[in-house]
Amino acid sequence: MGVVEELVAKAGGCAVIDGGFATQLEALGADINDPLWSAACLIAKPHLVKEVHMQYLEAGADIIISSSYQATIPGFLARGMTLDEAEGLLRTSVKLALEARDEFWKSTLRKSKPIYNRALVAASIGSYGAYLADGSEYSGSYGADITTEKLKDFHRRRLQVLAGAGPDLIAFEAIPNKMEAQALVELLEEENIQVPSWICFSSVDGKHLCSGESFADCLQILNASEKVSIVGVNCTPPQFIEGIICELRKQTKKAIAVYPNSGEIWDGRAKRWLSAECLGHKSFDALAKRWQEAGATLIGGCCRTTPSTIRAVSKILKGRTGH
Ligand SMILES: C[S+](C)CC[C@H](N)C(=O)O
Ligand SMILES: N[C@@H](CCS)C(=O)O
Ligand SMILES: [Zn+2]
């Protein structure tokens, strides 16, 4: 059994992923209005990065995702760093998550009735659109010049460095189009990455990827790869998740991960969240139960969800929680 299957089994059939990372850094006072977004904290506020990981572990997350979503080598070079420094910061993102996991696990083992699982650390890799810092992870429009080869070149070194930093998983997050899915699958093969991966898409209509392309077409690409253990969606409004799980279930036998955002909408130009009516009478955790029943085995939250959200999700999915 692989590490993920083992964790899912230990968690009683559904593992809990953490919640919004960048937005929780912001809630703790970090300024992430920056082209590097949350990765700016790797330079300026690494202690806050670790604190957010700790908050999600305490809330009951079985999987924590590193702070590297928008941490890229070209992004750090544009900040005036050397290549060594840029690669060092990528490693630091994984190191901070591993340290938080290990410290939290050690403290848990000292308790007489441990209620937690030893969490896994997923190294985050955001899309090319995240690096562009213009909200294009929600449009999937990368322009006519972008090719699969260019996307592979963009992702290659970061993937090598993060995979070598000792995470349990690689989490490709908010992938908005089919070309990028193809590039990632080819890259995992070319680099012969041994760390299991998930590829999660973003959607703004609940029926297609953000680009308008079909889940069925993308799943065909992912199904052909043994390097991709888990498929799913993240940073997508919660009201669309149940329908997407049903669609994914038809298209794949791989495990399904879902970690939607709060339903608020990101204004990529103004760089702020706009409120939206979306949950109706249902709470996020009540929806999480339905996502489990629909067939997702890894469930958490993305932007604007918080440790309280994850505590409630953990409680409803496992009947137990942190404090
Ligand atoms: C998931 S979105 C809210 C991330 C932020 C975006 N890449 C930006 O920098 O504007
Ligand atoms: N893991 C990232 C995803 C952003 S869409 C975060 O939560 O900040
Ligand atoms: Zn998000």
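Determine whether region 251-269 contains at least one residue that is polar (S, T, N, Q), within 16 Å of ligand 2 (Cβ to nearest atom), open to solvent by 20 Å² or more (accessible area, probe 1.4 Å) and in contact with a Leu (Cβ under 9 Å, 6 or more places away or on another chain). Checking region 251-269: at least one residue is polar (S, T, N, Q), within 16 Å of ligand 2 (Cβ to nearest atom), open to solvent by 20 Å² or more (accessible area, probe 1.4 Å) and in contact with a Leu (Cβ under 9 Å, 6 or more places away or on another chain). Of the residues making up region 211-234, those that are in a loop (DSSP other than H, G, I, E, B) and not aliphatic (A, V, I, L, M) are S211, G212, E213, S225, E226, K227. If only residues of region 104-120 that are free of Cβ contacts under 8 Å to residues at least 24 places away in the same chain and in a helix (DSSP H, G or I) are counted, the one that is most open to solvent (accessible area, probe 1.4 Å) is K106.
For region 30-50, the candidate set comprises residues that are of a type outside the set (A, V, I, L, M, F, W, C) and either more than 10 Å from ligand 1 (Cβ to nearest atom) or closer than 16 Å to T309 by Cβ (or both); within that set, the residue that is surrounded by the fewest Cβ atoms within 10 Å (Cβ to Cβ) is H47.
For region 147-168, a residue qualifies if it is out of contact with any helix residue (DSSP H, G or I) (no Cβ under 7 Å at 6 or more places or on another chain) and aliphatic (A, V, I, L, M), and exactly one does: A163.
Scanning region 16-29 for residues that are open to solvent by 10 Å² or more (accessible area, probe 1.4 Å) and part of a loop (DSSP other than H, G, I, E, B) returns F21, L28, G29. The number of residues in region 212-241 being surrounded by 17 or more Cβ atoms within 10 Å (Cβ to Cβ), more than 27 Å from A163 (Cα to Cα), touching an Asp or Glu at 6+ places or on another chain (Cβ under 9 Å) and not hydrophobic (A, V, I, L, M, F, W, C) comes to 1.
Looking only at residues of region 121-137 that are near ligand 1 (Cβ under 9 Å from one of its atoms), modelled with pLDDT of 95 or more and part of a helix (DSSP H, G or I), we find that the one that is farthest from I17 (Cα to Cα) is L132. Can you name every residue in region 104-151 that is within 16 Å of ligand 2 (Cβ to nearest atom) and within 19 Å of I63 (Cβ to Cβ)? Within region 104-151, A119, L120, V121, A122, A123, S124, I125, G126 meet the criteria. Among the residues of region 4-15, is there at least one that is open to solvent by 10 Å² or more (accessible area, probe 1.4 Å), within 20 Å of T309 (Cα to Cα) and within 16 Å of ligand 3 (Cβ to nearest atom)? No.
Taken over region 283-304, the criterion of being within 16 Å of ligand 1 (Cβ to nearest atom) and open to solvent by less than 40 Å² (accessible area, probe 1.4 Å) is satisfied by G300, G301, C302, C303. Confirm whether L96 is of a type outside the set (G, A, S) and out of contact with any Gly (no Cβ under 9 Å at 6 or more places or on another chain). Yes; evaluated as a whole, the condition is true for this residue.
The values are calculated or read from the model by the stated rules, or taken from the named source; none is laboratory data. Just so it is clear, the structure is predicted and the values come from calculations on it, not from any experiment. Ideal geometry is used to build each Cβ from the backbone, glycine not excepted, and the neighbour counts take in all protein chains shown. Surface accessibility is based on the protein's heavy atoms, side chains included, excluding ligands, DNA and RNA. Shrake-Rupley method; radii C 1.70, N 1.55, O 1.52, S 1.80 Å.
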